[in-house]
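Readers should treat all values here as calculations from the given coordinates under stated rules, not as data from a laboratory. No experiment lies behind these values; they were computed from the predicted model shown. Cβ placement follows ideal geometry from the backbone for every residue including glycine, while neighbour counts extend to all protein chains displayed.
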Amino acid sequence: MFLVTGATGNVGRHAVSALLKEGADVRALTRDPGSARLPDGAEVVGGDLTDPGSLKAALDGVEAVLLVWPTVSGDHAASETVAAIAARVRRIVYLSARGVPEDRETRQGSIMGSHARMEHLIEDSGAEWTFLRPSGFATNTLQWAGQIRETGTVRWAYGQARRSLIHERDIAAVGVRAMLEDGHAGARHVLTGPRSLTQVEQVAAIGEAIGRPVRWEEVPPASLREPMLAAGLPPEMVDAIIAGQAALAASPEPVTTTVEDVTGAPATTFHQWARDHARDFR
């Protein structure tokens, strides 16, 4: 039995489907099983990662788990939850992030701090572990969908920031291999798309996918703060996002071959991701 947490999320859904295609017995953890709408063949169970006591049924008989943690919002339960999982599951594949600091004194309260703490808890848990450290998710560009639908123009900052954005399906594919196969214990897999693109190029690719031009309009970085704060992001996260964009304009995100090395198939291009998600922008 293989357990996927965050099973209704971007990566989790693909992991559930991929495991089923491999003929594996799949259990999908979600807070609301009634609305999960997951593929036939998956056993959908209710539970909340921030409530370790709710995970007993989900962990029963599980060989490996894909752990998608709710980062900062769940950190109060991290230690107890990791211990509960490690006590019953042999192998933990944790969805982390590229650039997680190795320093165990990393400041808490940030996304990277949360990932670093989770990695350290899992390392110390006694379970076999693999960390997936993806670059920027291509799905993050969905933040532009409203602007594209309404105006055909993306008003954003740092158009020359380069990212090697990764398709969520590729993250899931590597995670599934690490769940099913030996040889990934102790690995920190840095996952990226096959090439880096500027944000201007990303917008152009979305335009190609939806069949109409999409224009980029550069705005001052400070103007991004209010929309992100209004969307509910905490100020420190907003500042980190803006600072990260500035850094990527100065130094592009690197590209790795890990997706192909692990799965045997090249990483999916951003242009293909845009075609896969074209209806989200129309």
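When the chain is treated as a Gaussian network with alpha carbon springs shorter than 10 Å, the biggest mean-square fluctuation among PRO220, PRO70, PRO134 belongs to PRO220. On the beta carbon distance between ARG104 and GLU217, with R0 = 45 Å, the FRET formula returns roughly 0.55. In this structure the amide hydrogen of ALA187, modeled in the peptide plane, comes within under 5 Å of the amide hydrogens of PHE131, none closer than 5 places in sequence on its chain. Relative to the longest principal axis of the Cα atoms of the chain, helix 199-210 runs at roughly 80 degrees. With K and R counted +1 and D and E -1, the other residues having a Cβ less than 14 Å from that of THR130 yield a net charge of -2. The local environment of PRO266, defined by Cβ-Cβ distances under 10 Å, has a net charge of -2 under the rule Lys, Arg +1 and Asp, Glu -1. The angle between the Cα long axis of helix 235-250 and the longest principal axis of the Cα atoms of the chain comes to about 60 degrees, rounded to the nearest 10.
Spin-label model, GLU208 to THR257: label points 7 Å out along the Cα-to-beta-carbon direction sit 2.4 nm apart.
Each of LEU233 and THR153 was given a label point 7 Å from its Cα along the Cα-to-Cβ line. The distance between the two points is 2.2 nm. Counting 0.36 nm for each residue step from GLU226 to ARG279 and taking away their Cα separation leaves a gain of 16.4 nm. The stretch between ARG37 and ASP182, if pulled fully straight at 0.36 nm per residue, gains 49.1 nm over its current Cα-Cα span. Here's how it looks for ALA157: its modeled amide H is under 5 Å from those of VAL219, which are all 5 or more places away or on a different chain.
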